[in-house]
Each structure stands twice: as structure tokens, then as C-alpha cells.
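Only one structure is covered here, and it is reproduced in the block below.
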Amino acid sequence: MSQQLSINGVTHTVDVDEDTPLLWVLRDVVGLTGTKFGCGIALCGACTVHIDGVPRRACITSVKSLGNASIRTIEALETTPVGRSLQKAWLDLEVVQCGYCQSGQLMSAAALLAGNAAPSDADIDTVMSGNVCRCGTYGRIRAAIKQAANEIQHTTPEGAQ
Amino acid sequence: MSDTPSHQLSRRSFLISTAAAGGGLLIGFRVPSAGGQSMDPTLEPNAFVRIDRTGAIRVTLPYVEMGQGAYTAQAQLLAEELEVEIGQLTLEHAPANEALYSHPVFGDQITGGSAGLRGAWEPLRRAGATTRVLLTQAAARRWRVAPSTCTAERGEIVHARSGRRARYADLVDAAARLPVPKNVALKSPDQFRIVGKPVKRVDTPDKVNGKARFGIDALPTGVKFAAVAACPVFGGQVGTIDDTAAKRIRGVRQIVRLEDAVAVIADHTWAARKGLAALKVSWNEGANANVDTKALIAECDAALDRPGVTATTHGDVQAVEAQAASFYEAQFRLPMLAHLAMEPINCTAHVRKDSCEIWVGCQRLALARRMAAEASGLPLERITIHNHLLGGGFGRRLEADYVAQAVRIARHVEGPVKVIWSREEDVQHDYFRYHNHSRVRVGLDANNAPISFSHKIVGPAVMARWLPVFFQNNVDLDIISVSAGTYAWPNVHVEYVRVEPPTGLNVGNWRGVGASRNAFVVESAIDDLAKRAGKDPLSYRRELLAKSPRLLNVINKVAELAQWGTPLGAGRGRGISVLDDFGSYVAQVAEVTVSRSGQVRVDRVFCVVDCGLAVNPDIVKAQLEGGIVYGVSAALHGKITVAEGRIQQGNFDDCPVLRMHDTPRIEVHVVPSAEAPGGVGEPGTAAVFPAVTNAIFAATGKRLFELPIDPTQLRNSL
Ligand code: FES
Ligand code: FES
């Protein structure tokens, strides 16, 4: 079945069965490999993408369910101010080790900050606990989210939301 | 693991320089061939440094990047002596070639055992310094001045007296014609400007924008995708296959049958996975169909009563034991563990009639190449491996079984094929850390002071297969490392009883290697002995470590950091551990809370490390932090079990790991030091097991002799 997908602002026509998870369409068909496979059953968060701004696990999101939703992946993270602040904080604090989980971590964190400008530790726990990191970078991720939140708050013009 | 067998660096330390193809200077090591002759001089040596006429500096990094910061640290060593900035270097993975890129101790091309930096420390600095000296000499000649009046600065040679400067780029051709200087002086630590500094990691910018390429991201033109299932019973084989339904799945191209596995080849991974699910396979389960964990444990228990081979012995344990007033005896059991690296096992291979190309992330490239040659039936030199970033290694990617498997599949496929294991396949066909059992017996005098220490170790000899040079006199040198701790026992006897798993159940290295079993055993025993002597665990260790200044220092520092001795609330406790392995000295204090129902939460972990000169202190910290998280995950949850010859776990639901909310706060302190660098990838993991169980002991009075931590044993223990 041929279907059009809007990925990072670009329309792609893909011809796959409608039950195909977005993850494999991104990686194998479209060639966007930044979104990672870690578990395949929504347990690890490595495949996190934004669908109409909402964080979703691409490994269990069938293309059929997408309609003409706007799909954004790690490759487009830098197009948003929140994304850029997070990337900067990630590098400033040297969060990354192997890096394999970090696309998913960043996409989850971006969704968190988009909805909650000053997350508490508990807020961070709730959203980020869906993302596994086997290199154990959790402490630095927490600190980097806070740094990014701080930076965003201080650069946002007064009153602007 | 310890560097016991000493393959000397000198074995391969012919530093050579030559003109690079297309102009420029190339510095590397020439490896003497088996006959002692140097290899064909026209062959390109393992270039560590290449500078071309444009000034581009390309360096080849022998140790792979799996998150441990290897690229950054290696670049720091080279840039330091080359007198350039890290940003001036273009970094390249070393190709697979064991003759050129072997680790000086392991004698093979391996990144692991926390040994990479220890292997790189001297050779990389020497390569950088030699290049710098050649360039300096070339400039001095041109200017007719003494080389000692010239200095190297940021990619230029400067003659301060006359104000003349020359870029490296303009000197490379002249430098390439000069003889290689012998015994180039290396900088002393007080001269370092890059080494020892927390410089920014070089591999990370592409890891925050999706651009980094891991093995799983390889997409050679025309690649097809494979889903694979090996016989669920280890050691079993494929029986019959009915592929009617699988072939009907859209996108499925081909079914490949191997002896022990089936693969479905398709246009994308999902089609391949659907095809695999639709494939009807009957397996010949073979000899292991009835194996279960209970039997494996019973076998290890029984082995504890068998005499073993002597691994270490000092003094006379037998004679002293006759005088002992009492004994401390304890038995410890460690479970089977999987690695669960974040990037599931995968490999892409393209087998042509006369060549084979491989895209993979592997810790042991030369082995991968050898196995690919064997699996393809092609000679070694026809195998090309494109190494990639590794999405975690932890010891799993020290094996290359998946490379051989991908090649065997690719032999049946036209064009390249990417084989990705499902997470379940990754867990169930791991090279596990196997069951490890131990018995400790300590003779005590009338004052409960130890007069003898014996330790019987039961476990597999991974080294016998994996690195035979570490298997000597029937003793696996890894499994016995730090088996008596670093304590001043007057009489020591360590015995080893080898127990191998059933054929087909593969076992290998797991982060922390031998130390991750023995630190738990020895540090648990020490805690018990302190209790018996009526002493505080910290002061008891201090007494026994009186002659180990570096350990004393870290243990004192960590006690201070953790505020050892200050009161904690009910159900809470602190535990301490020390470890001297991998050339590093580590002490940890864990703080835990145990609930009434026996649930354990690790609240905080303090860690002090003296790893000699920390090439990059922030990376050292990150490695310890990560190692601790990896160890706490295993201490709380790590357990792989077998029933009917099958591994019973498969994904993050039944192999739980730490997540953000249950990860302890971790504080790592790095001791400044100018000693040679030690390894930092393993000790965080190895030392945290006993820190946690000792904390549980402090909180509950309950000693845990088995891992993982079993809450039912702690229920109502408060
Ligand atoms: S791969 Fe999607 S959540 Fe793990
Ligand atoms: S950085 Fe390696 S899994 Fe998170």
C-alpha cells in the first residue's frame, strides 16, 4: 500500500504493508537511521519520535495510524529552540557515552520541556523512565534537562509563551 | 583483567617513517614478521599519524569507540606530543589487522578489559613525539639552526630567535626523508597541556543529532534486511522448514537455512520479521533439551567439593589452619548474566565470489576478520571490515559470532544483507557471564585476626577459548584476578575448579570480568570478618591495607565523601568496598534503603578512583558512573535462567535494568596522580556489588551470599 508521510517537513511516499511500524520505515525505507531500535515492544524508548508534537515509540506505531500527521525525528531536533538548548546542554555536560540511546532520550526530553518549562525531579523521572540507557548516563541527563530548561527560561522574552 | 602475561611492547615497536603516497609524512609501527624480518617495506605500515601537504593530519585509532571515550583519549595522547589541537586531527578507525593493531598485552586486536588506554599510552605518545621531532629536524635543517633552538606549537615549527615559522604541511616532504630518531623524549606530566584535562569528547556532537553511524545504521547500496532465529535450545539445529506462509509476506525475498539458524531476507526489517514469524520451523533440539538452571547450579555446587588446581599460594595455609582458633567459612553464588547492550547485535555483510565486505561495530576486529574468512571460505586479505561506533560493548562485542553468522547468511544472498537480531535473540544467544561459585575459608586466631585465607573458585575458563595466553597451567587468569583482594594475608591459597557449561551454551566476558565476581566474594567476606572482630568495616579494612598507600588513600577519601559513620535512618545502611585491579584503585560507599517487604533501593553511591594519570578526568568520571549503574542493575535484577535448554528471558520486561527513577545519585572523585594510567571501564561495576550488599548488611544484619539481591531474603529483616 502506497502512503504519504510527512517526516521532518518533507513528504515521502512509501510502499509498505500498513502494519509496518514507523521505526522500520524511517530506518530501512526512508534511510533516516538516527531513530534507533532497542527492544521493538515499547520498553526502551530508543525509537522515540514526535508525532504531531507528542512523543511516541516508533517501534509500535504502524504507518496506518499516522494519516497525515507531522512526524519529527532526531534529525530535525535542531530546528527547534528547545531542541538546540537540549543538544547544547547534552554536549556541555558530556552526557553521551556510546550514544545509542541518546536520540530517544533527547526526543523524550524535548517533549517534556515543550510541555513543562521547569520540570521537577519527579516530572523528569516520570517522562524519562521510559528511556533505557545501558551506559548509565541518567544522572547527567537529569542535569542536562535542568540546564536546558534554565537556558530556555532565561532566553524567552518576558511574557512570550 | 590483570596484565599478567607480559607480551612486551618491544615485540612490535619498530617505529618507522616514510613518505606517504601522494606526498607527506607517515609515521607508524613496523611489525616484525614471525621470522624476525621486517615486513615488505613497500607495504603501508599501521600509520598512526599521516600529515599531507595541505597540513591535514589523519590519525588512526587502534581502540574502538563504544562510549568509553576511547577516541577522545587517544586523540589527546597524539595531539599532546604532536603539539597540535585536537580539532586539527582527523580521526579514523583502524582497519582489522591483528599484525598491526594488536594490544601489546593481549597480543590481538582487542578493545576491552579496561586496557585500551593502557595499551595506547606509550605507543601513541611515542608516535606523536617522533613525528614532531622529525618535523623539527626538517625545519632546523632548512634554517641551518640547531633543532634544540626550535619549538613546535599548534602545527608549526617556530625558531623564536629569528622569528621564523614553518607549517607542518610545508615540512612533511623533507621530514619524510629523515631517519627516524631513536629514543625520543616524551613529555613529563607537568608539561601536559591536553592530557589530563577534561577536553570535550570528539565523538559526541554527531550523537545528539542522529548523524552518528553505528553498525546497525550501515546502509550499503542495495542492502536487504534479514531477521534471524537460531535454535532456541542452545546447541540445537534446524530440522524442517515450511516457508509457504513466510514467502507470501510482501517484501520477503528469500529464506536462508543455516545449520543452527534460519533467516528471512526482505526489503526491510519489518517484512523480514513478519516473514520469520510466519516461518514454520521444527528444531532438532539436540542434547541440551532438558538442561535447566537448577542442574547448572547443582553442578557448580558439587564442583566446590572437588579439589581444584592451585592458582595462587603464599605461606603455608595448611600448617597455619592447624593452629586456628576458629574459622570463617562462606559460600557465594553468582548468576548467569546477559549484556543487554543498547544496540542489539547486528552485522551487515556482502559476500562476492572473491571478496567479502563487512559493516559492524566490534571490540575485536581481527577476530571478526578471521571468523569472516572462515565463514566465507575466502582468504583473510579478501575480507574488508568497516568498523562502526558501538552502541555499547560490555564484553558482548568482544565476540564475533554474529559476524560469522551474517557472512554465512550473506553467502546465499545477492548483494549486501543486514542481519539484525531481535532483542530476544540478543538476550537468548548472548555469550553469557556464566554461573560462578566460590567458597572462602579464613583461619582466625584467638582475637579473631585472620591468619590464613583460602578461596576456591568455580567457573568456566573463558580465557582458554577466548585468549589462550591468559590460560596457564590449567588456570584461567581472569577468573582468579583479585581473588584474595589486596589484603595483607600472611597465608593465602586460591584454588580453581573449572566447570564449563553444556556445549552450545556460550559464555564470555562481562563488564568487570574476573573482578566483578571476586570483589563481591572477598569484600563480602571482609565485611563479615570485621563484624566478627567487632570492628567497623572501614577501620578493619584500613588495618589490613596498612601497606597499600594508594588503596588507603581512596578508602579514606571515600569515607570522608560519604560521611562514613554519621547516622542514617531506620532501614538504611552504608556499605564499603575496595578494589585494586586494571591498574586502578577504587573505593566505593553505597547507601541503601531496605523496605519492610525487603525491597532494596540504592540511594547514593560514592566512588573515589586513583587511576594514575587520568588522561581525561571527566571521561574517567563518566566511566565510573556508568560502570556503577551497570553493576547496580545486575546486583538488583541480573539473572538469566534456563529451562528445557532455552533461555527464559528476552527483553527489558523480564531483564529489568535501572532506569532514571531508580538510579542512585552517584558522586565520583578522581584522585590527581602522575602514575601511568589505569583502566576505568570495569572497576565501577566490579566494586559496586559488595558496596551494595554490605550496605544491606549494615541496614538489616542480613548477609547476602547470592546475587541478584533477593527481597524475599530481606523481608522482615529490619
Ligand atoms: S525500540 Fe521502541 S521502545 Fe524500544
Ligand atoms: S549512552 Fe549508551 S545506551 Fe545510553
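The values are calculated or read from the model by the stated rules, or taken from the named source; none is laboratory data. This structure is a prediction, so every number in the text was calculated from the model and none was measured. Note that each Cβ is placed from the backbone with ideal geometry, even for glycine, and that neighbours are counted across all protein chains shown. All accessible areas refer to the heavy atoms of the entire protein, side chains included, with ligands and DNA or RNA removed. Shrake-Rupley method; radii C 1.70, N 1.55, O 1.52, S 1.80 Å.
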Whole-Å distance linking the alpha carbon centroid of the range B:133-153 with that of the range B:341-360 is 47 Å
Fully extended contour minus Cα-Cα distance, from B:ARG532 to B:ALA464, at 0.36 nm per residue: 20.6 nm
Using the Kirkwood radius built from alpha carbon pairs, what does the Stokes-Einstein equation give as D for the range A:80-155 at 4 °C and 1.567 mPa s, in µm² per second? 108 µm²/s
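Please list B:HIS637, A:HIS154, B:HIS455 from largest to smallest accessible area, probe radius 1.4 Å, with all protein chains kept in place.
Working: B:HIS637 65, A:HIS154 145, B:HIS455 5 Å².
Highest to lowest solvent-accessible surface, that is A:HIS154, B:HIS637, B:HIS455.
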Return P(r) of chain A (all Cα-Cα pairs; 10 Å bins starting at 0; whole %; ordered from short to long distances). 11, 41, 32, 14, 2
Here FRET efficiency (C-beta to C-beta, A:ARG84 to A:SER6, R₀ 25 Å, nearest 0.05) is 0.70
Please list B:MET66, B:MET463, A:MET1 from largest to smallest accessible area, probe radius 1.4 Å, with all protein chains kept in place. A:MET1, B:MET66, B:MET463
Can you give the accessible area of B:HIS429 in Å² (nearest 10), computed on protein heavy atoms with a 1.4 Å probe? 30 Å²
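Over the Cα atoms of the range B:379-488, what is the Rg over Rh ratio if Rh follows Kirkwood?
Details: Rg = 21.3 Å, Rh = 18.3 Å.
Using only Cα positions, Rg/Rh for the range B:379-488 is 1.16.
Hey, could you get me the Stokes-Einstein D for the protein assembly as shown, Kirkwood radius over alpha-carbon pairs, 10 °C and 1.306 mPa s, rounded to whole µm² s⁻¹? Spell out each step's value before the answer.
Details: Rh = 28.7 Å.
My calculation gives 55 µm²/s for D.
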For the range B:306-316, in residue order, the Karplus 3J(HN,Hα) values (coefficients 6.51, -1.76, 1.60; θ = phi - 60°; whole Hz; Gly and Pro = x) are 8, x, x, 8, 6, 9, 9, 8, 9, x, 9
What the Cα atoms of the range A:2-76 span along the principal axes, largest first and in whole Å, is 29, 25, 20
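Provide the FRET efficiency to the nearest 0.05 for the B:ASP301-B:LEU561 pair, computing r from the beta carbons and using R0 = 51 Å.
Values: r = 39 Å, r/R0 = 0.77.
Result of the calculation: an efficiency of 0.85.
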Given bins 20 angstrom wide, list per bin the percent of all Cα-Cα distances in chain B, short to long. 17, 46, 31, 6, 0
Between the range B:638-678 and the range B:200-243, the alpha-carbon center distance in angstrom: 23 Å
For B:THR54 paired with B:GLU259, estimate the spin-label separation in nm (one decimal), with each label point 7 Å from Cα along the Cα-to-Cβ line. 5.0 nm
What's the lysine pair count for the range B:191-294 at a Cα cut-off below 26 Å, pairs eight or more apart or interchain? 9
Accessible surface of B:GLU83 in the full protein assembly, 1.4 angstrom probe, to the nearest 10 Å²? 30 Å²
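Ignoring ligands, DNA and RNA, what percent of the accessible area of chain B is carbon or sulfur (1.4 Å)? Show your work: numbers first, answer last.
Numbers: 12710 of 25850 Å².
Here carbon and sulfur together make up 49 percent of the probe-accessible area.
Per-residue mean of other chain beta-carbon atoms within 10 angstrom of the beta-carbon, peptide A:29-41?
6
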Binned at 5 Å from 0, what are the whole-percent values of the Cα-Cα distance distribution for the range B:488-604, short to long? 2, 9, 16, 20, 19, 13, 10, 7, 3, 1, 0
Under 29 Å Cα to Cα from B:LYS547, which lysines show up? Leave out anything in the same chain fewer than 8 places away. B:LYS456, B:LYS531, B:LYS535, B:LYS557, B:LYS621
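Over chain B, what is the relative contact order in whole percent, taking alpha-carbon pairs under 8 Å and six or more residues apart?
Working: 1710 pairs, mean separation 100.5, N = 718.
The normalised contact order for chain B reaches 14 percent.
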Are there any residues in the range A:98-140 with a reduction of at least 50 Å² in accessible surface when going from the isolated chain to the assembly of protein chains? Probe 1.4 Å, please list them by number. A:CYS98, A:TYR100, A:SER129, A:VAL132, A:ARG134, A:TYR138, A:ARG140
So what's the gap between the Cα centers of the range B:515-531 and the range A:85-155, to the nearest angstrom? 37 Å
So how exposed is B:ARG126, as accessible area in Å² (1.4 Å probe, rounded to 10)? 50 Å²
Would you mind calculating the gained length between B:ARG352 and B:LYS182 on full extension (0.36 nm times residue separation, minus the Cα-Cα distance), in nm to one decimal? 56.7 nm
